[in-house]
1. Counting only residues 5 or more places away or on other chains, whose amide H sits under 5 Å from the amide H of Tyr232 once H atoms are built in the peptide plane?
2. Just to check I understand the Karplus step: with θ = phi - 60° and J = 6.51 cos²θ - 1.76 cosθ + 1.60, what whole-Hz values come out for the stretch 42-53, glycine and proline as x?
3. Which of these values of Rg and Dmax of the Cα atoms in Å was calculated from the structure shown: (i) 18.4, 53; (ii) 16.9, 55; (iii) 18.1, 76?
4. For Gly33, what is the net charge nearby, where nearby means another residue's Cβ is under 15 Å from its Cβ and Lys, Arg count +1, Asp, Glu -1?
5. Highest GNM mean-square fluctuation, the chain, Cα pairs closer than 10 Å: which of Ser129, Ser227, Ser207?
6. Would you kindly state the longest site-free stretch of the chain, with sites defined as GluC sites (Glu not before Pro) in a DSSP loop (not H, G, I, E, B) surrounded by at most 14 other Cβ atoms within 10 Å?
7. So which trypsin sites (Lys or Arg not before Pro) in the stretch 1-87 pass both tests, a DSSP loop state and at most 12 other Cβ atoms within 10 Å of the Cβ?
8. How large is the helix-only mean residue ellipticity at 222 nm for the chain, computed as the sum of -39500 (n - 2.57) over DSSP H runs with n ≥ 4, divided by its residue count, in deg cm²/dmol to the nearest 500?
Amino acid sequence: MQQMEKVKKELVIENPKDDTLLVLIPAGKFLAGEEKFPVELPDYYMALHPVTNRQYTKFLNEQKPGKEELEKWIRLDSDCFVRFSNNKYESYNNKDEHPVVEVSWYGAQAYCKWAGLRLPTELEWEKASRGTDGRKYPWGESYNQNLCRNDKNKGSEKTAEVWQYPEGSTPYGLYQMSGNVWEWCEDWYDSNAYKNYKTGNLTLPGSGTSRVLRGGSWGDDNEKYFSCFYRYNDIPGFRNFSYGFRCARTF
């Protein structure tokens with residue numbers, strides 16, 4: 001695929017269940033957080049781009065959720081380009097390759113379980129976004145609104161196709177880890193988590209009231225949201241028109 005030219009083919013695997021392309025993030029240290037402290041992670045895989053409307057409709061058509069389950073996972077309103085029509089779920093308005101939105105953390109988790117994948121941890125997400133050199137944005141140190149989908153360049157649209165903004169991809173070649181949609185992570189949000197990580201204790205928070213989101217979205221214009229280390233959070237059941245997710249896999 002032409003869009004994958006920046007990624008070494010031998011580092012990419014394809015998940016047969018949903019066609020997700022996953023890139024190997026090699027084991028080793030990276031600089032985490034705004035204070036840039038070293039954290040060492042093992043090998044893992046991260047999806048090349050967020051889950052699309054096309055992929056999520058396949059999941060829904062196979063799972064056939066009941067009304068209560070569906071509403072827990074996704075809100076099929078005018079901001080979501082997935083709908084139920086002619087006894088099946090479908091993407092519409094030529095949005096097949098746009099990231100699915102209005103998905104809750106539960107809806108992201110359910111998809112990952114179906115696909116045989118998982119949500120990334122917050123630290124995995126950050127390493128995949130910034131690489132090992134501690135850069136502030138996936139592309140470097142300075143914010144550039146032309147390198148990611150945001151409120152200043154979306155025009156009359158909202159989300160963008162997942163293959164857009166290739167110049168803003170990460171050191172590992174991953175697309176749109178800055179902008180387009182906020183991405184759910186596995187972790188409970190804990191304001192002190194990075195203080196613990198800095199001491200070398202990488203145990204994930206065991207409980208909380210909200211889950212981590214990272215990356216900024218098409219609806220934002222404050223450059224801080226698009227940085228690799230900005231931490232956002234929301235209750236896991238919330239479905240928002242700027243929330244999506246990408247998958248990860250243990251090596």
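Read-outs: derived from the displayed coordinates by stated rules, not from any lab. Model, not experiment: these values are computed from the prediction. Please note: Cβ atoms are built from the backbone with ideal geometry, for glycine as well, and neighbour counts cover all protein chains shown.
1. Leu213
2. Karplus values, whole Hz, x for Gly and Pro: x, 4, 7, 10, 10, 5, 5, 8, x, 5, 9, 4.
3. Answer by label: (ii).
4. Details: positive: Lys29, Lys36, Lys127, Arg130, Arg135, Lys136, Lys195, Lys198, Arg214, Lys224, Arg231; negative: Glu34, Glu35, Glu40, Glu122, Glu124, Glu126, Asp133, Asp187, Asp190.
Within the 15 Å Cβ shell, the charges total +2.
5. Ser207
6. Values: sites that count: Glu5, Glu34, Glu35, Glu141, Glu157.
That gives 36-140 as the longest site-free run.
7. On the way: sites: Lys6, Lys8, Lys9, Lys17, Lys29, Lys36, Arg54, Lys58, Lys67, Lys72, Arg75, Arg83; in loops: Lys6, Lys8, Lys17, Lys36, Arg75.
When the trypsin sites (Lys or Arg not before Pro) of the stretch 1-87 are filtered for loop state and at most 12 Cβ neighbours within 10 Å, Lys8 remain.
8. Numbers: 5 runs with 44 residues, N = 251.
Using -39500 (n - 2.57) per qualifying helix, the result is -5000 deg cm²/dmol.
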